[in-house]
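Accompanying notes for the structure given below.
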Amino acid sequence: QVQLVESGGGLVQPGGSLRLSCVASGSIFSLNTMSWYRQAPGKERELVATITPTSITNYADLVKGRFTISRDNGKNIASLEMTSLKPEGTAVYYCNALATLGSSLGYRYYWGQGTQVTVSS
């Protein structure tokens with residue numbers, strides 16, 4: 001199995017910054033795309049940012065220019081640097097990874113448990 005553990009969430013004032021990290025562990029044969037999603041209270045989970053193994057990135061329009069996703073392939077870590085945070089950024093942030101446990105096995109998506117980010121004064 002693949003375990004994803006997020007960290008770095010917390011309370012931050014509007015305009016502030018936070019850095020989230022996601023560590024993937026377990027019997028990972030290959031780790032493909034890693035992504036961050038978020039889910040605000042009463043809303044559906046939405047994609048925030050994605051990064052491929054070659055560090056090609058994609059961002060939701062709402063966070064472009066403020067959030068930066070990165071990864072360390074040697075350590076199986078994906079990070080999300082969030083700046084100029086807004087109150088509407090309050091949500092549980094989830095790490096998502098596409099991985100396979102063996103060369104003859106297919107890829108599947110895995111989810112972390114999430115980390116709470118609260119943007120409030």
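The values are calculated or read from the model by the stated rules, or taken from the named source; none is laboratory data. Note that the structure is a prediction, hence the values are computed from the model and not measured. Counting neighbours? That spans all protein chains shown, and the Cβs are built from the backbone with ideal geometry, glycine included. Side chains are part of the model used for accessible areas, which takes the heavy atoms of the whole protein and leaves out ligands, DNA and RNA. Shrake-Rupley method; radii C 1.70, N 1.55, O 1.52, S 1.80 Å.
The GluC sites (Glu not before Pro) found in segment 16-121 that occupy coil by DSSP, while having at most 10 further C-beta atoms within 10 Å, are 44. Annotation for segment 54-93: trypsin sites (Lys or Arg not before Pro) lying in DSSP loop with at most 15 further Cβ atoms inside 10 Å of their Cβ are 64, 66, 75. Global dimensions of the chain from alpha-carbon coordinates: Rg and Dmax equal 14.2, 51 Å. The chymotrypsin sites (Phe, Trp or Tyr not before Pro) of segment 31-121 that meet both conditions, a loop assignment by DSSP and at most 15 other Cβ atoms within 10 Å of the site Cβ, are 107.
Take the solvent-accessible surface of the protein heavy atoms, probe 1.4 Å, and return the percent of it on segment 71-121 that carbon and sulfur atoms account for.
Using a 1.4 Å probe with all protein chains present, segment 71-121 comes out at 47 percent carbon and sulfur.
For the chain, what is the accessible area per residue in Å² when the probe is 1.4 Å?
53 Å²
Take every pair of alpha-carbon atoms less than 8 Å apart whose residues are at least six positions apart; their mean separation over the length of the chain yields a relative contact order of 37 percent.
Of the residues 15, 65, 42, the one that moves most in a GNM of the chain with alpha-carbon contacts below 10 Å is 42.
For segment 1-86, a simple Cβ point-charge model (Lys and Arg +1, Asp and Glu -1, everything else neutral) yields a dipole of about 120 debye relative to the Cα centre. For segment 65-121, a crude dipole built from +1 on the beta carbon of Lys and Arg and -1 on the beta carbon of Asp and Glu, taken about the Cα centre, is about 80 debye to the nearest 20.
Could you calculate the FRET efficiency of residue 29 with residue 120 from 1/(1 + (r/R0)^6), where r is the beta carbon distance between them and R0 is 41 Å, rounded to 0.05? The value I calculate is 0.50. On the basis of the beta-carbon distance and an R0 of 22 Å, residue 5 and residue 101 show a calculated FRET efficiency of 0.80.
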